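To keep things clear, I will list the structure first and then write my remarks on it.
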Amino acid sequence: MVYKLGTENFEETVEKLKDGLALVLEDFYQLAGKLGKDEEGVFKVEYDDDMDGVEVIVAEAQGIEVANLTDHQEGINKFQDLIPCNKILNLEGLHRPLLAVQLTKLKDGLAMGLAFNHAVLDGTSTWHFMTSWAQLCSGATSISVPPFLERTKARDTRVKLNLSKPSDAPEHAKSETNGDVSASVDPPMRDRVFKFSESAIDQIKSKVNANPPEGSNTPSFSTFQSLSAHVWLAVTRARQLKPEEYTVYTVFADCRKRVDPPMPESYFGNLIQAIFTVTAAGLLLSNPIEFAAGMIQQAIVNHDAKAIDERNKEWESSPKIFEYKDAGVNCVAVGSSPRFKVYDVDFGWGKPEIVRSGLNNRFDGMVYLYPEKNGGRGIDVEISLEANAMERLEKDKEFLMEA
(Lines give C-alpha, C1' and ligand atoms only; values in the text may rest on other atoms or scores of the structure.)
Protein backbone atom coordinates (compact mmCIF):
# COMPACT_ATOMS: atom_id res chain seq x y z
CA MET A 1 0.00 0.00 0.00
CA VAL A 2 1.41 3.36 -1.01
CA TYR A 3 0.37 6.69 0.49
CA LYS A 4 1.11 10.22 -0.64
CA LEU A 5 2.12 12.44 2.29
CA GLY A 6 4.73 14.87 3.40
CA THR A 7 7.76 13.14 4.79
CA GLU A 8 8.98 15.84 7.16
CA ASN A 9 7.14 14.09 10.01
CA PHE A 10 7.93 10.54 8.92
CA GLU A 11 9.16 9.49 12.37
CA GLU A 12 5.92 10.71 13.97
CA THR A 13 3.93 8.81 11.37
CA VAL A 14 5.85 5.62 12.15
CA GLU A 15 5.22 6.01 15.89
CA LYS A 16 1.53 6.61 15.25
CA LEU A 17 1.33 3.41 13.21
CA LYS A 18 3.19 1.44 15.86
CA ASP A 19 0.89 2.73 18.61
CA GLY A 20 -2.17 1.80 16.56
CA LEU A 21 -0.68 -1.61 15.80
CA ALA A 22 -0.15 -2.32 19.51
CA LEU A 23 -3.80 -1.45 20.17
CA VAL A 24 -5.30 -3.46 17.31
CA LEU A 25 -3.27 -6.53 18.28
CA GLU A 26 -5.21 -6.63 21.55
CA ASP A 27 -8.15 -7.81 19.42
CA PHE A 28 -6.23 -9.62 16.69
CA TYR A 29 -3.74 -11.09 19.15
CA GLN A 30 -3.08 -14.24 17.11
CA LEU A 31 -1.06 -12.20 14.64
CA ALA A 32 1.41 -11.40 17.42
CA GLY A 33 2.13 -15.10 17.98
CA LYS A 34 3.77 -17.84 16.00
CA LEU A 35 2.94 -21.28 14.73
CA GLY A 36 3.54 -24.15 17.09
CA LYS A 37 2.74 -27.85 17.49
CA ASP A 38 1.20 -29.65 20.40
CA GLU A 39 2.38 -32.99 21.77
CA GLU A 40 0.52 -34.81 18.96
CA GLY A 41 2.11 -32.76 16.18
CA VAL A 42 -1.04 -30.75 15.46
CA PHE A 43 -0.55 -27.12 14.43
CA LYS A 44 -1.69 -24.30 16.66
CA VAL A 45 -1.04 -20.60 17.15
CA GLU A 46 0.97 -19.78 20.26
CA TYR A 47 1.17 -16.33 21.82
CA ASP A 48 2.39 -14.93 25.11
CA ASP A 49 3.94 -11.73 26.43
CA ASP A 50 7.50 -13.03 26.00
CA MET A 51 7.26 -13.46 22.23
CA ASP A 52 8.78 -10.99 19.81
CA GLY A 53 5.35 -10.29 18.29
CA VAL A 54 4.93 -8.49 14.98
CA GLU A 55 8.13 -7.52 13.21
CA VAL A 56 8.23 -3.83 12.20
CA ILE A 57 10.97 -2.69 9.82
CA VAL A 58 11.62 0.99 9.07
CA ALA A 59 13.40 1.71 5.81
CA GLU A 60 14.14 4.53 3.42
CA ALA A 61 13.99 4.76 -0.39
CA GLN A 62 14.39 8.46 -1.08
CA GLY A 63 15.06 7.82 -4.76
CA ILE A 64 11.56 6.41 -5.30
CA GLU A 65 8.50 8.61 -5.79
CA VAL A 66 4.88 7.53 -5.42
CA ALA A 67 4.44 8.02 -9.18
CA ASN A 68 7.14 5.40 -9.81
CA LEU A 69 4.99 2.83 -8.02
CA THR A 70 1.60 3.70 -9.49
CA ASP A 71 2.65 3.00 -13.08
CA HIS A 72 0.58 -0.05 -14.00
CA GLN A 73 3.27 -1.47 -16.30
CA GLU A 74 6.53 -0.97 -14.45
CA GLY A 75 5.50 0.02 -10.92
CA ILE A 76 4.69 -3.51 -9.86
CA ASN A 77 8.32 -4.55 -10.43
CA LYS A 78 9.56 -1.98 -7.90
CA PHE A 79 7.65 -3.44 -4.96
CA GLN A 80 10.07 -6.26 -4.17
CA ASP A 81 12.31 -4.19 -1.88
CA LEU A 82 9.31 -2.57 -0.18
CA ILE A 83 7.75 -5.78 1.13
CA PRO A 84 9.32 -7.99 3.84
CA CYS A 85 9.69 -11.76 3.92
CA ASN A 86 9.99 -12.42 0.19
CA LYS A 87 10.19 -16.15 -0.67
CA ILE A 88 9.25 -17.12 2.88
CA LEU A 89 6.87 -20.08 3.19
CA ASN A 90 3.90 -20.27 5.56
CA LEU A 91 5.38 -23.20 7.47
CA GLU A 92 8.29 -20.95 8.48
CA GLY A 93 5.84 -19.34 10.88
CA LEU A 94 7.21 -21.89 13.36
CA HIS A 95 10.18 -19.60 13.87
CA ARG A 96 9.19 -16.35 12.13
CA PRO A 97 6.55 -13.71 12.93
CA LEU A 98 3.07 -14.31 11.54
CA LEU A 99 2.98 -10.66 10.49
CA ALA A 100 5.84 -8.47 9.33
CA VAL A 101 5.43 -4.79 8.45
CA GLN A 102 7.87 -2.65 6.49
CA LEU A 103 7.38 1.13 6.57
CA THR A 104 9.45 2.74 3.85
CA LYS A 105 10.01 6.47 3.54
CA LEU A 106 9.67 7.52 -0.09
CA LYS A 107 10.63 10.84 -1.64
CA ASP A 108 7.03 12.04 -1.34
CA GLY A 109 5.17 9.39 0.60
CA LEU A 110 5.04 6.13 2.54
CA ALA A 111 5.03 2.54 1.37
CA MET A 112 3.47 0.00 3.75
CA GLY A 113 4.64 -3.48 2.90
CA LEU A 114 2.94 -6.28 4.80
CA ALA A 115 3.63 -10.01 4.92
CA PHE A 116 0.91 -12.12 6.55
CA ASN A 117 1.15 -15.84 7.16
CA HIS A 118 -1.63 -17.27 4.98
CA ALA A 119 -2.05 -20.25 7.31
CA VAL A 120 -3.54 -17.87 9.87
CA LEU A 121 -5.80 -15.64 7.76
CA ASP A 122 -7.28 -15.08 4.32
CA GLY A 123 -8.09 -11.97 2.30
CA THR A 124 -11.31 -11.16 4.13
CA SER A 125 -9.54 -11.32 7.50
CA THR A 126 -6.56 -9.36 6.16
CA TRP A 127 -8.69 -6.37 5.18
CA HIS A 128 -10.75 -6.62 8.38
CA PHE A 129 -7.48 -6.28 10.29
CA MET A 130 -6.18 -3.43 8.12
CA THR A 131 -9.45 -1.49 8.39
CA SER A 132 -9.47 -1.93 12.18
CA TRP A 133 -5.85 -0.77 12.47
CA ALA A 134 -6.64 2.32 10.40
CA GLN A 135 -9.66 3.12 12.57
CA LEU A 136 -7.55 3.20 15.72
CA CYS A 137 -4.87 5.34 14.07
CA SER A 138 -7.58 7.76 12.97
CA GLY A 139 -8.76 8.39 16.52
CA ALA A 140 -11.31 5.66 17.23
CA THR A 141 -11.21 4.33 20.77
CA SER A 142 -12.21 0.83 19.68
CA ILE A 143 -12.62 -1.10 16.45
CA SER A 144 -16.08 -1.17 14.87
CA VAL A 145 -16.23 -4.93 14.24
CA PRO A 146 -14.37 -7.26 16.65
CA PRO A 147 -12.95 -10.45 15.10
CA PHE A 148 -14.86 -13.71 15.57
CA LEU A 149 -12.19 -16.04 16.97
CA GLU A 150 -14.11 -19.29 17.62
CA ARG A 151 -12.61 -21.20 14.70
CA THR A 152 -13.87 -24.57 15.89
CA LYS A 153 -17.39 -23.36 15.07
CA ALA A 154 -16.48 -23.73 11.40
CA ARG A 155 -14.72 -27.10 11.81
CA ASP A 156 -13.36 -28.85 14.86
CA THR A 157 -10.69 -31.31 13.76
CA ARG A 158 -7.14 -32.17 14.71
CA VAL A 159 -4.80 -33.06 11.83
CA LYS A 160 -1.11 -33.83 12.06
CA LEU A 161 0.68 -32.27 9.09
CA ASN A 162 4.05 -33.29 7.66
CA LEU A 163 6.37 -30.29 7.65
CA SER A 164 8.50 -31.18 4.62
CA LYS A 165 8.80 -28.25 2.25
CA PRO A 166 6.76 -28.44 -0.98
CA SER A 167 8.55 -29.46 -4.17
CA ASP A 168 7.99 -26.03 -5.73
CA ALA A 169 9.45 -24.09 -2.82
CA PRO A 170 12.07 -21.59 -4.05
CA GLU A 171 14.96 -23.98 -3.40
CA HIS A 172 13.23 -26.83 -5.25
CA ALA A 173 12.27 -24.99 -8.44
CA LYS A 174 10.50 -27.22 -10.95
CA SER A 175 8.26 -26.68 -13.92
CA GLU A 176 5.24 -28.69 -14.88
CA THR A 177 3.50 -29.11 -18.22
CA ASN A 178 0.42 -31.32 -18.42
CA GLY A 179 1.53 -33.40 -15.46
CA ASP A 180 5.11 -34.02 -16.62
CA VAL A 181 7.47 -32.76 -13.95
CA SER A 182 11.12 -32.25 -14.75
CA ALA A 183 13.89 -30.39 -13.02
CA SER A 184 14.56 -27.15 -14.90
CA VAL A 185 15.01 -23.45 -14.53
CA ASP A 186 11.68 -21.69 -14.31
CA PRO A 187 10.89 -19.64 -17.43
CA PRO A 188 11.03 -15.87 -16.91
CA MET A 189 7.84 -14.41 -15.50
CA ARG A 190 6.29 -11.00 -15.88
CA ASP A 191 3.68 -9.21 -13.82
CA ARG A 192 1.31 -6.63 -15.26
CA VAL A 193 -1.80 -4.74 -14.19
CA PHE A 194 -4.59 -4.31 -16.73
CA LYS A 195 -7.18 -1.67 -15.89
CA PHE A 196 -10.78 -2.28 -16.95
CA SER A 197 -13.04 0.76 -16.67
CA GLU A 198 -16.71 0.65 -15.69
CA SER A 199 -17.57 0.87 -19.37
CA ALA A 200 -15.30 -2.04 -20.27
CA ILE A 201 -16.70 -4.16 -17.42
CA ASP A 202 -20.25 -3.41 -18.60
CA GLN A 203 -19.33 -4.39 -22.17
CA ILE A 204 -17.82 -7.68 -21.04
CA LYS A 205 -20.79 -8.51 -18.84
CA SER A 206 -23.26 -7.56 -21.56
CA LYS A 207 -21.46 -9.77 -24.10
CA VAL A 208 -21.41 -12.77 -21.77
CA ASN A 209 -25.11 -12.41 -20.96
CA ALA A 210 -26.24 -11.69 -24.56
CA ASN A 211 -27.14 -15.29 -25.41
CA PRO A 212 -28.46 -17.21 -22.38
CA PRO A 213 -29.19 -20.90 -23.00
CA GLU A 214 -32.77 -21.56 -24.12
CA GLY A 215 -35.09 -22.47 -21.28
CA SER A 216 -32.34 -21.88 -18.75
CA ASN A 217 -33.29 -21.05 -15.18
CA THR A 218 -29.66 -20.20 -14.40
CA PRO A 219 -29.20 -16.65 -13.12
CA SER A 220 -27.35 -14.20 -15.30
CA PHE A 221 -23.59 -14.22 -15.13
CA SER A 222 -22.14 -11.93 -12.48
CA THR A 223 -19.43 -9.35 -13.05
CA PHE A 224 -16.90 -11.72 -11.47
CA GLN A 225 -17.93 -14.66 -13.64
CA SER A 226 -17.96 -12.54 -16.79
CA LEU A 227 -14.54 -10.98 -16.18
CA SER A 228 -13.10 -14.35 -15.16
CA ALA A 229 -14.24 -15.90 -18.45
CA HIS A 230 -12.77 -12.95 -20.36
CA VAL A 231 -9.39 -13.41 -18.64
CA TRP A 232 -9.41 -17.23 -18.94
CA LEU A 233 -9.96 -17.11 -22.70
CA ALA A 234 -7.34 -14.39 -23.23
CA VAL A 235 -4.64 -16.15 -21.19
CA THR A 236 -5.37 -19.41 -23.01
CA ARG A 237 -4.95 -17.65 -26.36
CA ALA A 238 -1.72 -16.03 -25.17
CA ARG A 239 -0.26 -19.37 -24.09
CA GLN A 240 -0.88 -20.83 -27.56
CA LEU A 241 -1.91 -24.17 -26.10
CA LYS A 242 -2.61 -27.14 -28.35
CA PRO A 243 -6.35 -27.90 -28.72
CA GLU A 244 -6.03 -31.10 -26.69
CA GLU A 245 -4.13 -29.51 -23.81
CA TYR A 246 -6.08 -28.97 -20.63
CA THR A 247 -6.53 -25.62 -18.92
CA VAL A 248 -7.89 -25.16 -15.42
CA TYR A 249 -9.76 -22.21 -13.97
CA THR A 250 -9.32 -21.92 -10.20
CA VAL A 251 -10.88 -19.47 -7.78
CA PHE A 252 -9.93 -19.24 -4.11
CA ALA A 253 -13.41 -18.75 -2.69
CA ASP A 254 -14.54 -17.41 0.67
CA CYS A 255 -16.53 -20.16 2.40
CA ARG A 256 -17.93 -18.17 5.33
CA LYS A 257 -21.46 -18.20 3.93
CA ARG A 258 -21.11 -21.63 2.34
CA VAL A 259 -20.36 -23.72 5.42
CA ASP A 260 -23.12 -25.09 7.64
CA PRO A 261 -23.73 -23.31 9.91
CA PRO A 262 -22.60 -20.13 8.12
CA MET A 263 -19.85 -18.10 9.75
CA PRO A 264 -20.00 -14.33 10.27
CA GLU A 265 -18.08 -12.04 7.94
CA SER A 266 -15.89 -11.19 10.94
CA TYR A 267 -14.65 -14.80 11.27
CA PHE A 268 -10.89 -14.39 11.69
CA GLY A 269 -8.87 -17.09 10.01
CA ASN A 270 -8.36 -18.75 6.67
CA LEU A 271 -11.73 -20.01 5.46
CA ILE A 272 -11.11 -20.25 1.72
CA GLN A 273 -11.08 -23.26 -0.58
CA ALA A 274 -9.94 -23.64 -4.15
CA ILE A 275 -12.74 -24.29 -6.65
CA PHE A 276 -11.73 -25.86 -9.96
CA THR A 277 -13.15 -26.35 -13.42
CA VAL A 278 -11.24 -27.80 -16.38
CA THR A 279 -11.62 -28.18 -20.12
CA ALA A 280 -9.52 -28.61 -23.25
CA ALA A 281 -8.05 -25.42 -24.70
CA GLY A 282 -9.56 -26.13 -28.12
CA LEU A 283 -13.03 -26.59 -26.67
CA LEU A 284 -12.71 -23.43 -24.59
CA LEU A 285 -11.60 -21.27 -27.50
CA SER A 286 -13.99 -22.71 -30.10
CA ASN A 287 -17.06 -21.88 -28.03
CA PRO A 288 -18.57 -18.47 -27.28
CA ILE A 289 -17.53 -16.77 -24.05
CA GLU A 290 -20.69 -17.84 -22.21
CA PHE A 291 -19.38 -21.44 -22.37
CA ALA A 292 -16.45 -20.48 -20.13
CA ALA A 293 -18.65 -18.34 -17.91
CA GLY A 294 -21.10 -21.21 -17.53
CA MET A 295 -18.36 -23.59 -16.42
CA ILE A 296 -17.13 -21.08 -13.85
CA GLN A 297 -20.62 -20.33 -12.60
CA GLN A 298 -21.52 -24.01 -12.23
CA ALA A 299 -18.31 -24.78 -10.32
CA ILE A 300 -19.01 -21.93 -7.90
CA VAL A 301 -22.69 -22.85 -7.43
CA ASN A 302 -21.83 -26.51 -6.80
CA HIS A 303 -19.34 -25.69 -4.06
CA ASP A 304 -21.83 -25.84 -1.22
CA ALA A 305 -21.50 -26.99 2.40
CA LYS A 306 -21.55 -30.65 1.35
CA ALA A 307 -18.77 -30.15 -1.19
CA ILE A 308 -16.69 -28.23 1.35
CA ASP A 309 -17.13 -30.99 3.93
CA GLU A 310 -16.14 -33.68 1.43
CA ARG A 311 -13.04 -31.72 0.41
CA ASN A 312 -12.07 -31.27 4.06
CA LYS A 313 -12.48 -34.97 4.80
CA GLU A 314 -10.41 -35.87 1.74
CA TRP A 315 -7.59 -33.56 2.83
CA GLU A 316 -7.76 -34.66 6.48
CA SER A 317 -7.40 -38.31 5.44
CA SER A 318 -4.19 -37.49 3.55
CA PRO A 319 -2.99 -34.01 4.54
CA LYS A 320 -0.39 -32.18 2.46
CA ILE A 321 1.01 -28.70 2.05
CA PHE A 322 -0.45 -26.84 -0.91
CA GLU A 323 1.91 -26.35 -3.85
CA TYR A 324 1.56 -23.90 -6.72
CA LYS A 325 1.02 -26.74 -9.19
CA ASP A 326 -2.02 -27.83 -7.17
CA ALA A 327 -3.85 -24.85 -8.66
CA GLY A 328 -4.06 -26.87 -11.87
CA VAL A 329 -2.24 -27.36 -15.16
CA ASN A 330 -2.14 -24.30 -17.47
CA CYS A 331 -4.22 -22.60 -14.83
CA VAL A 332 -5.80 -19.23 -14.39
CA ALA A 333 -6.10 -18.92 -10.61
CA VAL A 334 -8.04 -15.95 -9.24
CA GLY A 335 -7.46 -14.58 -5.75
CA SER A 336 -8.44 -11.41 -3.91
CA SER A 337 -11.71 -9.68 -4.74
CA PRO A 338 -12.83 -6.32 -6.11
CA ARG A 339 -15.28 -6.30 -3.20
CA PHE A 340 -12.48 -5.75 -0.70
CA LYS A 341 -12.55 -2.06 0.20
CA VAL A 342 -8.79 -1.73 -0.02
CA TYR A 343 -8.87 1.98 -0.90
CA ASP A 344 -10.88 2.83 2.22
CA VAL A 345 -7.93 2.01 4.51
CA ASP A 346 -7.19 5.54 5.75
CA PHE A 347 -4.83 5.90 8.72
CA GLY A 348 -5.53 9.60 9.04
CA TRP A 349 -3.67 11.07 6.07
CA GLY A 350 -5.85 10.01 3.15
CA LYS A 351 -6.57 6.94 1.11
CA PRO A 352 -3.81 4.91 -0.54
CA GLU A 353 -2.62 5.82 -4.01
CA ILE A 354 -2.21 2.18 -4.97
CA VAL A 355 -2.70 -1.29 -3.46
CA ARG A 356 -0.98 -4.32 -4.92
CA SER A 357 -0.23 -7.90 -3.90
CA GLY A 358 3.18 -9.09 -2.77
CA LEU A 359 5.55 -11.49 -4.45
CA ASN A 360 5.15 -14.69 -2.45
CA ASN A 361 1.95 -16.02 -4.01
CA ARG A 362 2.87 -15.43 -7.63
CA PHE A 363 3.08 -18.16 -10.24
CA ASP A 364 2.25 -18.59 -13.91
CA GLY A 365 -1.46 -17.82 -14.23
CA MET A 366 -2.05 -16.17 -10.86
CA VAL A 367 -4.56 -13.31 -11.04
CA TYR A 368 -5.51 -10.74 -8.39
CA LEU A 369 -8.58 -8.53 -8.72
CA TYR A 370 -8.75 -5.11 -7.07
CA PRO A 371 -11.32 -2.34 -7.23
CA GLU A 372 -10.29 0.77 -9.10
CA LYS A 373 -9.01 3.58 -6.92
CA ASN A 374 -11.77 6.13 -7.52
CA GLY A 375 -14.52 4.02 -5.96
CA GLY A 376 -16.28 3.14 -9.20
CA ARG A 377 -17.06 -0.26 -10.65
CA GLY A 378 -13.85 -0.54 -12.64
CA ILE A 379 -11.50 -3.41 -11.80
CA ASP A 380 -7.71 -3.69 -11.84
CA VAL A 381 -6.57 -7.13 -13.03
CA GLU A 382 -3.08 -8.06 -11.85
CA ILE A 383 -1.66 -11.01 -13.78
CA SER A 384 1.53 -13.08 -13.47
CA LEU A 385 2.39 -14.89 -16.67
CA GLU A 386 5.29 -16.45 -18.53
CA ALA A 387 7.06 -13.60 -20.35
CA ASN A 388 6.32 -14.64 -23.94
CA ALA A 389 2.66 -15.26 -23.16
CA MET A 390 2.46 -11.89 -21.40
CA GLU A 391 3.86 -10.16 -24.47
CA ARG A 392 1.11 -11.74 -26.58
CA LEU A 393 -1.53 -10.83 -24.01
CA GLU A 394 -0.44 -7.19 -24.11
CA LYS A 395 -1.14 -7.16 -27.85
CA ASP A 396 -4.52 -8.92 -27.64
CA LYS A 397 -6.99 -6.23 -28.72
CA GLU A 398 -9.99 -8.39 -27.83
CA PHE A 399 -8.71 -8.75 -24.27
CA LEU A 400 -7.79 -5.07 -24.01
CA MET A 401 -11.27 -4.12 -25.31
CA GLU A 402 -9.74 -2.30 -28.26
CA ALA A 403 -11.30 -4.45 -30.96
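The values are calculated or read from the model by the stated rules, or taken from the named source; none is laboratory data. Remember, it's a predicted structure, so these values are computed and weren't measured experimentally. All Cβ positions, glycine included, derive from the backbone under ideal geometry; neighbour counts span all protein chains shown. Keep in mind that these areas ignore ligands, DNA and RNA; they rest on the heavy atoms of the full protein, side chains included. Shrake-Rupley method; radii C 1.70, N 1.55, O 1.52, S 1.80 Å.
Numbers at a glance
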read-out: Helix 198-208 vs. the chain, principal-axis angle (Cα, 0 to 90°, nearest 10); value: 40
read-out: Surface per residue (accessible, 1.4 Å probe) for the chain, Å²; value: 49
read-out: Sites matching trypsin sites (Lys or Arg not before Pro) across the range 68-156 that sit in DSSP coil, with at most 11 neighbouring C-beta atoms within 10 Å; value: 87
read-out: Cross-link pairs 37/341; 153/313; 105/351; 107/341 - those with Cα-Cα distance over 23 Å; value: 37/341; 107/341
read-out: Cα gyration tensor, the range 4-91 - rounded (a/c under 1.5), prolate or oblate; value: oblate
read-out: With at most 13 other Cβ atoms within 10 Å, longest stretch of the chain clear of loop GluC sites (Glu not before Pro) (DSSP); value: 266-401
read-out: Solvent-accessible area, 1.4 Å probe, carbon plus sulfur percent, for the chain; value: 48
read-out: Charge tally in the Cβ shell below 13 Å around residue 260, where Lys, Arg are +1 and Asp, Glu are -1, residue 260 excluded; value: +3
read-out: Per-residue [θ]222 nm for the chain (sum of -39500 (n - 2.57) over DSSP H runs n ≥ 4, rounded to 500); value: -8000 deg cm²/dmol
read-out: GNM top mover of 280, 253, 111 - the chain, alpha-carbon springs below 10 Å; value: 280
read-out: Cross-link reach list, aspartates and glutamates versus residue 16, counting only Cα pairs under 19 Å and skipping chain neighbours closer than eight places; value: 8, 26, 27, 55, 60, 108, 344, 346
read-out: Overall form of the range 223-323 per C-alpha gyration tensor (a/c, 1.5; a/b vs b/c); value: prolate
read-out: C-alpha long axis of helix 223-239 to longest principal axis of the chain, angle in °; value: 70
read-out: Relative contact order for the chain, counting Cα pairs under 8 Å that sit 6 or more residues apart, in percent; value: 21
